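The values are calculated or read from the model by the stated rules, or taken from the named source; none is laboratory data. Because the structure is predicted, anything quoted here is derived from the model rather than measured. As a convention, Cβ positions derive from the backbone with ideal geometry for all residues, glycine included, and neighbour counts pool all protein chains shown.
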Amino acid sequence: MLSAEQTYYPYRFSGMLRRGESKMIVCEYEFDRPDPKNPQYSLVEVDFYSWIPRDYWSEIHNHRLSLRKNLKTGRFELYRHYYTDDYDEVIFTGSLEECLKKAEEEWKRFHYEWAGVEPEFKPCRHRPPDISSLCPMRSAVVGVRG
């Protein structure tokens, strides 16, 4: 049985880097579909991390860092979702590339010491090797078995 969030956000995917991993590729085309409950924003969101280490909680509340597209403006938004207040704070607005660079900075700030991984968040180029696993161009470029 799926939870309410899994039912409501079937296209949400997490980009949490784990030990030994360093690259995540995000495709701009993943964000074209509007959220039926809030059509101003994309249905798809990317989570770069879902929490911050407790050592930082005196500085900033525990939060998730996510990326979404504002379909009204055409700009991407990097935002923090604070669990305790159930509140979203947009911390950066820009192009996909600019938001990925800012997400790398945020990852390094809160997770580099813990995970020991230098992040590399890259925009999809719609061709291997820089193609997202969720890119709609993937089957046309890589083939059905790719």
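Conditions (1) surrounded by 12 or more Cβ atoms within 10 Å (Cβ to Cβ); (2) closer than 21 Å to Cys135 by Cα, marked per residue:
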| site | (1), (2) |
| --- | --- |
| Glu28 | yes, yes |
| Asp47 | yes, yes |
| Trp51 | yes, no |
| Tyr56 | yes, no |
| Phe76 | yes, yes |
| Asp86 | no, no |
| Phe121 | yes, yes |
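Checking each residue in region 83-141 for being in a helix (DSSP H, G or I), within 16 Å of Val26 (Cα to Cα) and modelled with pLDDT of 90 or more picks out Leu96, Glu97, Glu98, Cys99, Leu100, Lys101, Lys102, Ala103, Glu104, Trp107. Condition check: under 17 Å from Ser132 (Cβ atoms), modelled with pLDDT of 95 or more and either surrounded by 12 or more Cβ atoms within 10 Å (Cβ to Cβ) or over 11 Å from the mean Cα position of the chain (by Cα) (or both). Does Ser66 satisfy that? Against the criterion (under 17 Å from Ser132 (Cβ atoms), modelled with pLDDT of 95 or more and either surrounded by 12 or more Cβ atoms within 10 Å (Cβ to Cβ) or over 11 Å from the mean Cα position of the chain (by Cα) (or both)), Ser66 qualifies.
Out of all the residues in region 36-51, is one or more modelled with pLDDT of 90 or more, among the small types (Gly, Ala, Ser) and within 17 Å of Asp86 (Cβ to Cβ)?
yes
Scanning region 92-107 for residues that are free of Cβ contacts under 8 Å to residues at least 24 places away in the same chain and either farther than 12 Å from Ser22 by Cβ or exposed (fewer than 14 other Cβ atoms within 10 Å of the Cβ) (or both) returns Phe92, Thr93, Gly94, Ser95, Glu98, Lys101, Glu105.
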